[in-house]
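Below is one structure, written out as structure tokens; the observations come after it.
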Amino acid sequence: MKRPLSFILLFITIVWCAGLVYFGYSINHYHNDVNTHTDAIITLTGGRNRIIEAVKLLNSGKADFLFISGVDKHTSLRNIQKTQKIKTSMLHRIDIGHMATNTETNAEEAQIWINTKHIASVRLVTSNYHMARAVLEFKHLMPELDIIPHPVYSERIEKKWWTSWQTFSLIFKEYNKLVFKLVKYQLYL
């Protein structure tokens, strides 16, 4: 009885490790579609340069609207513009959401906004290491939504993630969160 259990645990460990390596590779090799116009841009707070990148995309005409999800309840759009040093003449096309506190609630908050604006396609802006889980959460709630991933790369996150303890730790945690959500959604489908 112990032997089959050992093989099962070994198999799970090998699959998990292979998945981690693949995840680490894939987050640095996204194909950025910079040409397709979408109805909206959605960016998730919590990482460096996400909002700045989203505003640049709005300014360059990649979408008609921008929604910033997960903004602190005491922060206004003007505060964001000032602290992020954002230059845009399109503040009237930017909405912010104060409800979200994590990736799952980012998707819930965005779904409400998407439904009120009748949005069919979005460019999702978040950190490269966070993109897979963000897309998963959005697709789980809105399978019909056309999503173009637009990852943001931080100079603080090493591309050779295994060479930096800080980056390895971040990738390790994010991969485990992704695996947990994949398993969770497979069990509830």
If we scan segment 109-116, do we find a residue that is of a type outside the set (S, T, N, Q), part of a strand (DSSP E or B), within 30 Å of V179 (Cβ to Cβ) and touching a Leu at 6+ places or on another chain (Cβ under 9 Å)? no
Could you tell me which numbered condition G61 fails, if it satisfies all but one of (1) crowded, with 19+ Cβ neighbours inside 10 Å; (2) on the phi > 0 side of the Ramachandran plot? (1)
Give T75, T101, T105 a once-over and let me know the one that is among the hydroxyl-bearing types (S, T, Y), in a helix (DSSP H, G or I) and modelled with pLDDT of 85 or more. T105
Selected residue (criterion: modelled with the highest pLDDT) from residues of segment 129-154 that are assigned to a loop (DSSP other than H, G, I, E, B) and within 13 Å of N28 (Cβ to Cβ): Y153
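Give the residues of segment 1-33 that are in contact with a strand residue (DSSP E or B) (Cβ under 8 Å, 6 or more places away or on another chain) and either free of Cβ contacts under 8 Å to residues at least 60 places away in the same chain or of a type in the set (A, V, I, L, M) (or both), sorted by residue number.
Selection gives I27 alone.
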Counting only residues that are within 16 Å of T36 (Cβ to Cβ), buried (at least 21 other Cβ atoms within 10 Å of the Cβ) and β-branched (V, I, T), how many does segment 125-156 have? 1
Here's a check for you: in segment 54-98, which residue that is touching a residue at least 40 places away in the same chain (Cβ under 8 Å) and touching a Ser or Thr at 6+ places or on another chain (Cβ under 6 Å) is nearest to A134 (Cα to Cα)? A54
Yes/no for I68 being buried (at least 21 other Cβ atoms within 10 Å of the Cβ), modelled with pLDDT under 95 and either closer than 16 Å to I147 by Cβ or in contact with a strand residue (DSSP E or B) (Cβ under 7 Å, 6 or more places away or on another chain) (or both): no
Counting just the residues of segment 157-169 that are out of contact with any Ser or Thr (no Cβ under 9 Å at 6 or more places or on another chain) and part of a helix (DSSP H, G or I), which one comes out surrounded by the most Cβ atoms within 10 Å (Cβ to Cβ)? T167
Have a look at A120, A134, A107 and point out the one that is in contact (Cβ under 8 Å) with a residue 60 or more places away in the chain and more than 9 Å from the chain's Cα centre (by Cα). A120
Considering only segment 28-46, I want to know if a residue exists there that is part of a helix (DSSP H, G or I) and not aromatic (F, W, Y). no
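The values are calculated or read from the model by the stated rules, or taken from the named source; none is laboratory data. Treat the numbers as computed from the prediction; the structure is a model and nothing was measured. Please note: Cβ atoms are built from the backbone with ideal geometry, for glycine as well, and neighbour counts cover all protein chains shown.
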